[in-house]
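The values are calculated or read from the model by the stated rules, or taken from the named source; none is laboratory data. None of these values were measured; they are calculated from a predicted model. Every residue, glycine as well, gets a Cβ built from its backbone with ideal geometry; the counts of neighbours run over all protein chains shown. Side chains are part of the model used for accessible areas, which takes the heavy atoms of the whole protein and leaves out ligands, DNA and RNA. Shrake-Rupley method; radii C 1.70, N 1.55, O 1.52, S 1.80 Å.
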Amino acid sequence: MTAQLLLGLSILVILHELGHFLAARAFGIKVEKFYLFFDAWNVKLFSIKKGDCEYGIGWLPLGGYVKIAGMIDESMDTEQLAQPVQPWEFRSKPAWQRLIVMLAGVVVNVIVGILIFWMLTFKYGETYIPNNSAQNGINPGTVGESIGLQKGDKVLAINGKKVIRFEEISSSKVLLENTTLTVLRGNKTLYVKVPDNLLNTISDDGIESFVSRVPLLSSTIDSIVPGKPAEKAGIHRGDVITGINNTPVKYNVEVADAIQKAKGKPMVFNIKRGDEQVLLTLPADTSGSVGIGFRVSEIKQETTKYGLFEALPIGANQAWKTFSDNAKGIAKVFTGKIKANKAFSGPVDIARKIYGGEWVWARFWASTAFISVALAFMNLLPIPALDGGHVVFLLIEMVKGKPLGDKFMERAQMVGFVILLSLMVFVLGNDIFKNFIK
């Protein structure tokens, strides 16, 4: 997990800073430093000087930076700014050039996200479960049940739009927008409203606490493990379990729950075998496994393949969706609909929930693309010390026709630095609390 996170973030930080670096060089602006990670207190793991720029790796893995001559940034190099303006300095260039330099890192992150999503779509296509093949319906978690969903419900539409892919039911569209689900329960059509603040309750437990990403299976037995209690009791392939210890069951998850509750005790299974009703007693088993498998063939998957150029708009759409989802999430935080401690993830959460424990290259690149676009959005926030803060000040300068004062910019940088430091402490503390203390 940690290695994936470090590699993914290192790639993205280098490319983000490379965007600033190349844009600055294109306009004849001197770049004095290019660092992966921060060399706080001038402590560095590696450095090399090539031309007029020092390239290196710092010891503090909280991002990276390029030090652009004549720019008021986190380095707070006021001595340089006290000197006469030089033609190779950032401050000597017209506002539109400085604006391009500040936006270049964000643009690179977006392009990287699109490129990775594009190549993944081209290589693997899109694999999904057609909603009309989910014959046994959804398996809601505790949060889904709390808003009125039940096992076996079939979600037909989201905000009136027909659901084509089963995965749409647990998508960000449902969680981040004002959503009403059209649900078929038996022969009745119902409408279930998804609360605006649902993410407050599902963020810690994951999306499975809302609705499982996998449809329900019936309780029809498809396989028997030799030597296990099911075989010893005489259960056959094709048997349908209708009850366990007088508790009716219909779906695979209900069978699993009933077996867990009776773990270590004998169990009486009600079995439908053709036209017969059979009662079978299974011997006690402390493992909680009786040795049966269900018909996974009930879940149909389809894969749509795309040509190289067909995959491009799909990848671009994935990048845009990631960007807009981040914007919607931040909007919900500022409007009080989502608590900040539920919305923000730190490095532990990112490593555990996004990259995962197993190194799978397809997942690694998909996660890196997601984070790349998320970083683009975060860097555009209008906070001094972030790219977005610099962009706001440059736009104000372009409207006013003159730059903001150096003293104002220095104070703004200090305020921005304090905001970012506070946010960093909050996110890291929240990360530790959620993953190691709670």
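What does the extension gain come out to for Ala26 and Arg237, with contour length at 0.36 nm per residue minus their alpha carbon separation?
Stretched fully, the Ala26-Arg237 segment lengthens by 69.0 nm.
What are the equivalent ellipsoid semi-axes of region 215-372, built from the alpha-carbon gyration tensor (square roots of five times its eigenvalues), in whole angstrom, biggest first?
Output for region 215-372: semi-axes of 44, 21, 16 Å.
If you take every DSSP beta bridge whose two residues both sit in the chain, what share of them, in percent to the nearest 5, is antiparallel?
Details: 48 of 52 bridges.
Taking every DSSP beta bridge with both residues in the chain, the antiparallel ones total about 90 percent.
Considering only protein heavy atoms, with the full assembly of protein chains and a 1.4 angstrom probe, order Asp406, Asp387 by accessible area, largest first.
On the way: Asp406 80, Asp387 15 Å².
My answer, sorted largest first, is Asp406, Asp387.
Could you give the angle, 0 to 90 degrees to the nearest 10, between helix 2-26's Cα long axis and the longest principal axis of the Cα atoms of the chain?
For 2-26 against the chain, the angle is about 30 degrees.
Taking the 0 to 90 degree range and rounding to the nearest ten, how far is the long axis of helix 406-432 tilted relative to the main principal axis of the chain, both from C-alpha atoms?
20 degrees
Two decimals is fine: what's Rg over Rh for region 166-245, C-alpha atoms, Kirkwood radius as Rh?
Working: Rg = 18.5 Å, Rh = 16.1 Å.
A ratio of 1.15.
Determine one quarter of the surface area of the Cα convex hull of region 97-143, which equals its mean projected area, and express it in nm² to one decimal.
Working: hull surface 27.0 nm².
About 6.8 nm², averaged over all directions.
Under the rule of -39500 (n - 2.57) per DSSP H run of 4 or more residues, summed and divided by the residues of the chain, what mean residue ellipticity at 222 nm is obtained, to the nearest 500 deg cm²/dmol? Show your work: numbers first, answer last.
Numbers: 13 runs with 180 residues, N = 438.
After summing the helix terms and dividing by residue count, I get -13000 deg cm²/dmol.
Any idea what log10 I(q)/I(0) is at q = 0.11, 0.13, 0.16, 0.18 Å⁻¹ for region 57-216, Debye with uniform C-alpha scatterers and no solvent?
-0.67, -0.76, -0.92, -1.07
Chymotrypsin sites (Phe, Trp or Tyr not before Pro), restricted to region 277-375: which are DSSP loop and have at most 12 other Cβ atoms within 10 Å?
Passing sites in region 277-375 are Trp359.
If you take every DSSP beta bridge whose two residues both sit in region 13-130, what share of them, in percent to the nearest 5, is antiparallel?
DSSP beta bridges in region 13-130 are roughly 75 percent antiparallel.
Over all directions, the average projected area of the alpha-carbon convex hull for region 109-174 comes to how many nm²?
Across all orientations, region 109-174 yields a mean hull projection of 6.1 nm².
Given labels modelled 7 Å from the Cα in the Cβ direction, how far is it in nm from Met414 to Ala343?
Going by the 7 Å Cα→Cβ label model, 2.9 nm.
Among all the lysines, which ones have a C-alpha under 16 Å from Lys232's C-alpha, if same-chain residues fewer than 8 places away are not counted?
Lys265
Subtract the Cα-Cα distance of Ala40 and Ile147 from 0.36 nm times their separation in residues, and report this length gain in nm to one decimal. Mind showing how you got there, number by number?
Values: separation 107, 0.36 × 107 = 38.52 nm, distance 4.90 nm.
Result for the pair: 33.6 nm of gain on full extension.
Report the FRET efficiency, 1/(1 + (r/R0)^6), for Trp320 and Asn187, where r is their Cβ-Cβ distance and R0 is 30 Å, rounded to 0.05.
0.15
If you line up the long axis of helix 252-261 against the longest principal axis of the chain, both from Cα atoms, how many degrees apart are they, to the nearest 10?
The angle comes out near 80 degrees.
Between Arg91, Arg165, Arg411, find the one with the highest GNM mean-square fluctuation for the chain; connect C-alpha pairs within less than 10 Å.
Arg411
Can you check what the net charge comes to around Ile299, using other residues whose Cβ is under 15 Å from the Cβ of Ile299 (Lys, Arg +1; Asp, Glu -1)?
Value of the local net charge: +1.
For region 14-136: lysine pairs with Cα atoms under 26 Å, gap of 8 or more or different chains, count?
For region 14-136, qualifying lysine pairs total 16.
With every protein chain in place, what's the accessible area of Thr335 (1.4 Å probe, Å², nearest 10)?
Accessible area, nearest 10 Å²: 90 Å².
Over the alpha carbons of region 173-305, what is the largest minus smallest coordinate on each principal axis, giving the biggest first in Å?
Reported extents, whole Å, longest axis first: 51, 36, 30.
Set the Förster radius R0 to 51 Å, insert the Cβ-Cβ distance between Tyr124 and Ile396 as r into 1/(1 + (r/R0)^6), and round the FRET efficiency to 0.05.
0.70
Among the trypsin sites (Lys or Arg not before Pro) in region 320-370, which ones are in a DSSP loop with at most 15 other Cβ atoms within 10 Å of the Cβ? Mind listing them?
Values: sites: Lys321, Lys328, Lys332, Lys337, Lys339, Lys342, Arg352, Lys353, Arg363; in loops: Lys337, Lys339.
When the trypsin sites (Lys or Arg not before Pro) of region 320-370 are filtered for loop state and at most 15 Cβ neighbours within 10 Å, Lys339 remain.
Starting from the Cα of Gln135, step 7 Å toward the Cβ, then list every residue of region 257-274 with an amide N under 19 Å from that point.
Only 272-274 fall inside the zone, counting backbone N under 19 Å.
For region 16-133, what's the radius of gyration and Dmax over Cα atoms, in angstrom?
Reported Rg and Dmax, both Å: 19.0, 71.
Dividing the Cα convex hull volume of region 287-408 by residue count, how many Å³ per residue is that?
Dividing the Cα hull volume of region 287-408 by its residues yields 241 Å³.
Quick check for you: with a 1.4 Å probe and neighbouring chains kept, what is the accessible area per residue of region 297-417, in Å²?
54 Å²
Could you order peptides 269-275, 388-394 by the average number of other Cβ atoms within 10 Å of their residues, highest first?
388-394, 269-275
How long are the semi-axes of the equivalent ellipsoid of region 374-438, defined as square roots of 5 times the Cα gyration tensor eigenvalues? Whole Å, largest first.
Gyration-tensor ellipsoid for region 374-438: 32, 13, 5 Å.
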